[in-house]
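J.: So that we are looking at the same thing, I have put the structure below in structure tokens.
The values are calculated or read from the model by the stated rules, or taken from the named source; none is laboratory data. What you are looking at is a predicted structure, and each value in this text was computed from that prediction instead of being measured. All Cβ positions, even for glycine, are placed from backbone atoms using ideal geometry, and neighbour counts span all protein chains on display.
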Amino acid sequence: MDQGNVVRASVIGCGYLGAVHAASLAALGHEVVGVDVDQDKIALLARGEAPFFEPGLADLLQAGMSAGKLRFSTDFAAAADCQLHFLAVGTPQMRGSQAADLTFIHAAVDALLPWLRPGAVVVGKSTVPVGTARELADKIAAAVPGALLAWNPEFLREGFAVEDTLRPDRIVYGLPADAAEAEAAKALLDQLYAKPLASGCPLISTDYQTAELVKVAANSFLATKISFINAMAEIAEVVGADVTKLADAIGFDQRIGRKFLNAGVGFGGGCLPKDIRAFQARADELGTGRSVSFLSEVDAINLRRRERVVELVLASLGDDYQQKRVAVLGLAFKPESDDVRDSPALDVAVRLHGLGVGVVATDPQAIGNARRLHPQLDFAATAEEAVDGAEVVVLVTEWRQYRDFDPKLAHALVARPVVIDGRNCLDADRWRDAGWTYLGMGR
């Protein structure tokens, strides 16, 4: 990259979003410092080690540091000479409420203000309720006249976050209302994203409110699509239809599309569940709760699918189900991740254990995180070890090694050949031909 196009940027908050964003900006040729108050996390990152599993991130960290483009610090003073400051802290669900907890984002701005210079642009990446950007912009302007705020929502998919940052499918700027300020902020952001923009990435420049709504609207739509097909699965189970064939048939309609029409145990993770709940809470505050009231049912359908998996397991085990061995394949909320936040897979394992079932769970990456949250569970290092002696096998995270698991090999290990496919990702005929009782979701 031409040195004239290099931007000095800080990333405040080095969790999942921040660490990926910092490493990716360095890979785009910019000079980046990641700042976080968590000393252990910063120590790992400073050694070029990712504090969580994300394909390609460790290599990106090491490359950025070797090139002298990337560093990490617990001191906000390290961001003093930066032109752009990205806010990438968490906005979790507030305890005892559906609303988003904005404590961390306000704390990040407060800590940054003493080091902020006129002309610098603070850029929000975190998912926040609409109206947050305006509040933060006023705080920044009052403390540091001439410093600006922009909003640049993230659209990362865990497991593909590096690719999504380096080659995004769209970039959104939420800019100040003042034309001169908007132009100044946009110029810096254009310089930062010069490579993806030059490759034809679509750019949408808009106001704060629209930029804030983009992320929660996108997540709400995806959650609705997933829960819709899971609602169809509930009906399919009653009438004897096959929801996967149903999804194929309606997915050919270009107005609908096949993506996100995979029925199963439902969605989880650190974004969709808490974002749709926070959206509802904010809409209620604004007096427009009726506009998104359907999201309550989207959430309810999603949670019911976890209950359905538990029901299938118990029905398969019979009345005397306590202490019978059940293998749970998967703990992360999705493959290619070690994230167990609001994971349907982990929730199923915990519910079964709470009912007295002898659960043995496994996951290629998420055992450590799951054990820290639920040490009462028993864990196995491999799928083969988990299914050994099991009376029911439950697949709840569609890792490739579980999708490709040889049903004949598995049949030789289990006590009873019953498999519950919580993701509808197995070849049902292949498993049945190998002697298994196969149970899918809405099939």
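J.: When residues of region 13-27 are filtered for being surrounded by fewer than 24 Cβ atoms within 10 Å (Cβ to Cβ) and not in a helix (DSSP H, G or I), how many remain?
T.: Of the residues in region 13-27, 1 are surrounded by fewer than 24 Cβ atoms within 10 Å (Cβ to Cβ) and not in a helix (DSSP H, G or I).
J.: Name the pairs whose Cβ atoms lie under 8 Å apart, with the first residue in region 29-43 and acidic (Asp, Glu), the second part of a strand (DSSP E or B) and surrounded by 24 or more Cβ atoms within 10 Å (Cβ to Cβ), and 6 or more positions between them or separate chains?
T.: Close Cβ pairs (under 8 Å, with a partner that is part of a strand (DSSP E or B) and surrounded by 24 or more Cβ atoms within 10 Å (Cβ to Cβ)) amount to 31/9; 36/12; 36/72.
J.: Oh, and also: Given the conditions (1) buried (at least 20 other Cβ atoms within 10 Å of the Cβ); (2) assigned to a helix (DSSP H, G or I); (3) aliphatic (A, V, I, L, M), which single one is not true for residue 412?
T.: In the conditions (1) buried (at least 20 other Cβ atoms within 10 Å of the Cβ); (2) assigned to a helix (DSSP H, G or I); (3) aliphatic (A, V, I, L, M), residue 412 misses (1) alone.
J.: Another one. Within region 24-60, which residues are in contact with a strand residue (DSSP E or B) (Cβ under 7 Å, 6 or more places away or on another chain) and within 12 Å of residue 74 (Cα to Cα)?
T.: Step one: list which residues in region 24-60 are in contact with a strand residue (DSSP E or B) (Cβ under 7 Å, 6 or more places away or on another chain), which gives 25-26, 30-35, 42, 45-46.
Once the filter is applied, which keeps residues that are in contact with a strand residue (DSSP E or B) (Cβ under 7 Å, 6 or more places away or on another chain) and within 12 Å of residue 74 (Cα to Cα), region 24-60 yields 33, 34, 35, 42, 45, 46.
J.: Within the bounds of region 375-392, is there any residue that is out of contact with any helix residue (DSSP H, G or I) (no Cβ under 8 Å at 6 or more places or on another chain), over 12 Å from residue 329 (Cα atoms) and modelled with pLDDT of 95 or more?
T.: There is at least one residue in region 375-392 that is out of contact with any helix residue (DSSP H, G or I) (no Cβ under 8 Å at 6 or more places or on another chain), over 12 Å from residue 329 (Cα atoms) and modelled with pLDDT of 95 or more.
J.: Turning to a different aspect of this structure: Looking only at region 53-66, decide whether some residue is in contact (Cβ under 8 Å) with a residue 60 or more places away in the chain, surrounded by 20 or more Cβ atoms within 10 Å (Cβ to Cβ) and part of a helix (DSSP H, G or I).
T.: Yes, that holds for at least one residue.
J.: When you go through (1) in contact with a strand residue (DSSP E or B) (Cβ under 7 Å, 6 or more places away or on another chain); (2) assigned to a loop (DSSP other than H, G, I, E, B); (3) buried (at least 18 other Cβ atoms within 10 Å of the Cβ) one by one for residue 443, which number turns out not to apply?
T.: The number of the failed condition is (1).
J.: Shifting gears a bit: Within region 251-275, can you find the residues that are of a type in the set (A, V, I, L, M) and either in contact with a Ser or Thr (Cβ under 7 Å, 6 or more places away or on another chain) or assigned to a loop (DSSP other than H, G, I, E, B) (or both)?
T.: Kept after step one, since they are of a type in the set (A, V, I, L, M), are these residues of region 251-275: 256, 261, 263, 265, 272.
Once the filter is applied, which keeps residues that are of a type in the set (A, V, I, L, M) and either in contact with a Ser or Thr (Cβ under 7 Å, 6 or more places away or on another chain) or assigned to a loop (DSSP other than H, G, I, E, B) (or both), region 251-275 yields 256, 261, 263, 265.
J.: Could you count how many residues in region 93-107 are in a loop (DSSP other than H, G, I, E, B) and either in contact with a Gly (Cβ under 7 Å, 6 or more places away or on another chain) or touching a residue at least 40 places away in the same chain (Cβ under 8 Å) (or both)? Don't jump to the end; show me each part of the working.
T.: In the first step, residues of region 93-107 are kept if they are in a loop (DSSP other than H, G, I, E, B); the result is 94-99, 101-102.
From what is left, the residues that are either in contact with a Gly (Cβ under 7 Å, 6 or more places away or on another chain) or touching a residue at least 40 places away in the same chain (Cβ under 8 Å) (or both) are 97-99.
So the count comes out to 3.
J.: Which residue is surrounded by the most Cβ atoms within 10 Å (Cβ to Cβ), if the candidates are limited to region 247-271 and must be farther than 21 Å from residue 395 by Cβ and in contact (Cβ under 8 Å) with a residue 40 or more places away in the chain?
T.: Step by step, filter region 247-271, then rank; the result is 271.
J.: Out of region 348-383, which residues are under 19 Å from the mean Cα position of the chain (by Cα), over 22 Å from residue 414 (Cα atoms) and surrounded by fewer than 23 Cβ atoms within 10 Å (Cβ to Cβ)?
T.: Result: 365, 368, 369, 373.
Yes or no, residue by residue, for (1) over 23 Å from residue 31 (Cα atoms); (2) not charged (D, E, K, R):
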site: 103; (1), (2): yes, yes
site: 109; (1), (2): no, yes
site: 123; (1), (2): no, yes
site: 152; (1), (2): no, yes
site: 166; (1), (2): no, yes
site: 173; (1), (2): no, yes
site: 176; (1), (2): yes, yes
site: 183; (1), (2): no, no
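J.: Just to check your reading of the model, which residue among 145, 129 is modelled with pLDDT of 95 or more, part of a loop (DSSP other than H, G, I, E, B), more than 30 Å from residue 295 (Cα to Cα) and assigned by TED's automatic domain parsing to the domain that holds residue 189? Break it down into steps so the answer makes sense when it comes.
T.: Details: 129 fails: more than 30 Å from residue 295 (Cα to Cα).
Step by step, each of 145, 129 is checked, and only 145 is modelled with pLDDT of 95 or more, part of a loop (DSSP other than H, G, I, E, B), more than 30 Å from residue 295 (Cα to Cα) and assigned by TED's automatic domain parsing to the domain that holds residue 189.
J.: Quick one: which residue in 159, 90 is outside any helix (DSSP H, G or I), in contact (Cβ under 8 Å) with a residue 24 or more places away in the chain and touching a Phe, Trp or Tyr at 6+ places or on another chain (Cβ under 8 Å)? Quick ask: steps written out before the conclusion?
T.: Working: 159 fails: touching a Phe, Trp or Tyr at 6+ places or on another chain (Cβ under 8 Å).
The match here is 90.
J.: May I pose another question? If only one of 174, 159 is touching an Asp or Glu at 6+ places or on another chain (Cβ under 9 Å), assigned by TED's automatic domain parsing to the domain that holds residue 91 and surrounded by 22 or more Cβ atoms within 10 Å (Cβ to Cβ), which one is it? Spell out how you get there, then give the answer.
T.: Numbers: 159 fails: surrounded by 22 or more Cβ atoms within 10 Å (Cβ to Cβ).
Matching residue, one of 174, 159: 174.
J.: Name the residues in region 336-358 that are assigned to a helix (DSSP H, G or I) and touching a residue at least 12 places away in the same chain (Cβ under 8 Å), would you? Full working, then the answer.
T.: Pass one, region 336-358, residues assigned to a helix (DSSP H, G or I): 344-354.
Hits for region 336-358 are 344, 345, 346, 347, 348, 349, 350, 351, 352, 353.
J.: Give the number of residues within region 411-434 that are closer than 14 Å to residue 329 by Cα, touching a Phe, Trp or Tyr at 6+ places or on another chain (Cβ under 8 Å) and of a type in the set (A, V, I, L, M).
T.: 3
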